[in-house]
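S.K.: One structure, pasted below without further comment.
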Amino acid sequence: MKKGQSKVQLYVGTRKGAFIFSSDPKRKAWKVTGPLHTGWEVNHLDRDPRDGRLWAAINTSWWGNDVQVSADGGKTWEKSSAGIAFDKERGLNLNRIWRIQPDRASRPQTLWCGVDPGALFRSDDGGKNWSEVRSLTDHPSRSKWNPGGGGMMVHHIIPDPFDAKRVSVGISVAGFFRSDDDGATWKPYNKGVIADFQPDKFPEVGQCVHSMHPGGRAGWIFQQNHCGVYRTTDNGENWTDCCKGLPSRFGFAIAVDPNEKETIYVFPEISPAERYMCGGRLGVYRSRNGGKKWELLKRGLPQSGVYTQVLRHGSATDGCERAGVYFGTTAGELYASVNGGDTWSRLASNLPSIISVEARDFHE
């Protein structure tokens, strides 16, 4: 591709390394690079839109956890300074690095990192040094936090694009927390979100957020929870249940169209116990009005014998004029739609189990 042209890239993290899929904005043909970080579980791989660097959150049972950065599109990688770790006096072990989240364009050196056990780290020097956001780790409600099936982790981080001091996180199993003072203090905001596995079905803290995404308007955030799909239009002060019309309340991933502010995509699973796609078929549900009404999208997707999942980081949209929608499965299949989900094509199969998918469009 000639220098200066537009490019779309997908960053796919798997149980055995990562892959980069590249195309032009027509998205008809894709070039694949990888595997990268072979031998590692790549929990999250993404491109920082502010400077083009790639960030990888990688983990293994043998060698521990690491944050790696690439300044040349993934050709070479280096460790992010001394890495991310708790101070020894904290008595906490870093079990898994879940996500690297760039901050806003107005703060080009700030990054956030969510980890297990339920903690948030921050860098204000471009990833050279990281510090624990102890105000979240030491929150008074922490005794009520518990690990879910994947551990107890901060897995989604939203620096508010409309408020420079606001940042929100999703914690499993604790709920949605928000800071209005740049991380100095935090409050849980889970009003209206059910936790049907708890003695108190609507606790202040104890909900299991699976994934969340800003809605493109001030105050709007969507979340896929262990117990349903929800929408807030006031930064979490109140949550609206959006499950009517879905075959199940349970699922992990959610994606939001950046151009159509109320168009969202979810991937319902049959139940928390069985954890595979509803009806044994691969189906994506789309709402064009913020979760008020849903439609099943299945053209181009297998409709029988599907016993796989789309994990919490496993779906994404790009920012093209008509946004592409992408998702990966635990069976190692990667799917794409360039018409809002009306039809789907399979970009890859036989990859290792897919953990995460991110999509970015940019000029070289």
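Computed from the coordinates by the stated procedures, all read-outs in this text should not be read as laboratory data. This structure is a prediction, so every number in the text was calculated from the model and none was measured. For neighbour counting, all protein chains shown are included, and Cβ atoms are generated from backbone atoms with ideal geometry for every residue, glycine included.
S.K.: Let me know the charge dipole size of region 6-363 about its Cα centre in debye, to the nearest 20, where only the beta-carbon of Lys, Arg (+1) and Asp, Glu (-1) is charged. Spell out each step's value before the answer.
M.R.: Details: 46 positive and 39 negative charges, 166 e Å.
Here region 6-363 has a charge dipole of around 800 debye.
S.K.: Once every DSSP H run of n ≥ 4 in the chain is given -39500 (n - 2.57) and the sum is divided by its residues, what mean residue ellipticity at 222 nm do you get, rounded to the nearest 500 deg cm²/dmol?
M.R.: Per the formula, 0 deg cm²/dmol.
S.K.: Which one of L136, L94, L36 has the biggest mean-square fluctuation once the chain is modelled by GNM with Cα springs under 10 Å?
M.R.: Between L136, L94, L36, it is L94 that shows the largest mean-square fluctuation.
S.K.: Please enumerate, by chain and number, the lysines with C-alpha under 24 Å from the C-alpha of K79, excluding those fewer than 8 residues away in the same chain.
M.R.: The reachable lysines, counting only those whose Cα sits under 24 Å from K79, are K16, K88, K128.
S.K.: Let me ask something else. When a/c reaches 1.5 or more, the comparison of a/b and b/c decides; with that in mind, is region 223-364 rounded, prolate or oblate per its Cα gyration tensor?
M.R.: Note, shape of region 223-364 comes out oblate.
S.K.: Please list, or write none, the lysines whose alpha carbon is within less than 21 Å of the alpha carbon of K144, excluding same-chain residues fewer than 8 places away.
M.R.: K187, K191, K201
S.K.: Once each part is reduced to its C-alpha centroid, what is the distance from region 265-324 to region 97-151 in angstrom?
M.R.: 28 Å
S.K.: Tally the DSSP beta bridges in region 169-230 and give the antiparallel ones as a percent, rounded to 5.
M.R.: Within region 169-230, antiparallel bridges account for around 100 percent of the total.
S.K.: Largest first and to the nearest Å, give the Cα extent of the chain along each principal axis.
M.R.: Answer, in whole Å and largest first: 51, 47, 39 Å.
S.K.: Apply 1/(1 + (r/R0)^6) to the Cβ-Cβ distance of K26 and A85, taking R0 = 56 Å, and write down the FRET efficiency to the nearest 0.05.
M.R.: On the way: r = 44 Å, r/R0 = 0.79.
The pair K26/A85 has a calculated efficiency of 0.80.
S.K.: Could you calculate the contour length gain from R104 to T60, that is, 0.36 nm times the residue separation minus the distance between their Cα atoms, to one decimal place in nm?
M.R.: Values: separation 44, 0.36 × 44 = 15.84 nm, distance 3.01 nm.
Result: 12.8 nm gained on full extension.
S.K.: Quick one: order F121, F327 by neighbouring beta-carbon count within 10 Å, fewest to most.
M.R.: Values: F121 23, F327 26.
Exposure proxy ranking, most exposed first: F121, F327.
S.K.: At a 10 angstrom cut-off on C-beta neighbours, averaged per residue, how do the peptides 165-171, 269-275 rank from highest to lowest?
M.R.: On the way: 165-171: 22.7, 269-275: 14.1.
The densest-packed peptide leads the list: 165-171, 269-275.
S.K.: Straight-line reach from K7: which lysines fall under 22 Å, measuring Cα to Cα and dropping same-chain residues less than 8 apart?
M.R.: By straight Cα distance, K7 reaches K26, K28, K31, K75.
S.K.: Counting only C-alpha contacts under 8 Å and six or more residues apart, can you give the relative contact order of the chain as a whole percent?
M.R.: That works out to 12 percent.
S.K.: Report the residue, chosen from G127, G148, G340, that carries the largest GNM mean-square fluctuation when the chain is represented by alpha-carbon nodes joined by springs under 10 Å.
M.R.: Result for the chain, Cα springs under 10 Å: G148 fluctuates most.
S.K.: Sticking with this one: Given points 7 Å out from each Cα along the Cα-Cβ axis, report the R275 to K292 separation in nanometres with one decimal.
M.R.: My value for the distance between the label points is 3.6 nm.
S.K.: Arrange T14, T233 by Cβ neighbour counts within 10 Å, fewest through most, would you?
M.R.: Going from sparsest to densest Cβ surroundings: T233, T14.
S.K.: Which order do E295, E321, E262 fall in if you start with the one that has the fewest other Cβ atoms within 10 Å?
M.R.: Final ranking by Cβ density, sparse to dense: E321, E295, E262.
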